[in-house]
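Have a look at the structure below, then the notes.
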Amino acid sequence: MDKQALIDRITNWMRGRNGADALGNFALGVSVVLLVINIFARNQIVSVLALVAALYACWRTSSKNLAQRRAENRAFLKIVAPVASWVRNPKASIDETRNYRHLTCPNCGQKVRVPRGKGKIRVTCPSCHEKFDARS
């Protein structure tokens, strides 16, 4: 079988399946970390947990229940989102929290970024145009 035929078969098999997503990638990452830990620990439980995490990632990738997998991925991203920016670029996140304060609009719940050190200021929400007072 030539290379292009193999690629075509895999493409046809994956059609209508979930594919890789953030939760599956996280499970695969956990599996790799556990395998590295197991190199030093040599514990059968860690080895089984690594295998379970890898199989879960493969199962998610090949699942045809797209709606359920997307809902699970969305819930995972909602939990991970506050931490993700810190993990991706810690220096930028530290600079962001040092220079800006993040407020929540009391009317619509929109997050609003204001500069720190300006004292008491009047903030206009960019979403609903509600004006509210806050300390920066």
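Observations on the model:
- Shape call, the stretch 8-68: gyration tensor on alpha carbons, a/c limit 1.5: prolate
- Estimated purely from DSSP H runs of n ≥ 4, each contributing -39500 (n - 2.57), the mean residue ellipticity at 222 nm for the chain is -20500 deg cm²/dmol once divided by its residues.
- Our estimate of slack between Val52 and Met1, defined as 0.36 nm per intervening residue step minus the Cα-Cα distance, is 15.2 nm.
- Its relative contact order, with pairs defined as Cα atoms under 8 Å and 6+ residues apart, puts the chain at 17 percent.
- Karplus 3J(HN,Hα) series, Hz, for the stretch 115-130 with 6.51 cos²θ - 1.76 cosθ + 1.60 (x for Gly, Pro): x, 7, x, 9, x, 7, 10, 9, 10, 10, 5, x, 8, 10, 6, 6
- Reachable lysines, given that their alpha-carbon falls under 25 Å from the alpha-carbon of Lys120 and they are not under 8 places away in the same chain: Lys111, Lys131
- Three-way shape label, the stretch 96-135, alpha-carbon gyration tensor, a/c 1.5: oblate
- Each Cα pair under 8 Å and six or more residues apart adds its sequence gap; the mean of these over the residue count of the stretch 96-135 is a relative contact order of 33 percent.
- Loop-located trypsin sites (Lys or Arg not before Pro) in the stretch 13-79 whose Cβ has at most 15 other Cβ within 10 Å (DSSP): Arg15, Arg17, Arg42, Lys64
- Tilt relative to the chain, helix 66-88 - C-alpha long axis, 0 to 90 degrees, to 10: 60
- Given (1) 208; (2) 251; (3) 97, the label whose value is volume of the Cα convex hull per residue in Å³ derived from this model: (1)
- C-alpha long axis of helix 3-14 to longest principal axis of the chain, angle in °: 60
- Here's the list of aspartates and glutamates a cross-link from Lys64 could span, going by alpha-carbon distance under 18 Å and ignoring same-chain residues fewer than 8 apart: Asp21, Glu72.
- Trypsin sites (Lys or Arg not before Pro) restricted to DSSP loop in the stretch 83-136 with at most 13 other C-beta within 10 Å: Arg116, Lys118
- Residue-span extension gain [Lys64 to His129] - 0.36 nm each, minus C-alpha spacing: 19.1 nm
- Given charges at Cβ of Lys, Arg, Asp, Glu: the stretch 3-88 dipole, positive-most of Asn43, Gly29, Leu66: Leu66
Read-outs: derived from the displayed coordinates by stated rules, not from any lab. Note that the structure is a prediction, hence the values are computed from the model and not measured. Note: ideal-geometry Cβ built from the backbone for every residue, glycine included; neighbour counts use all protein chains shown.
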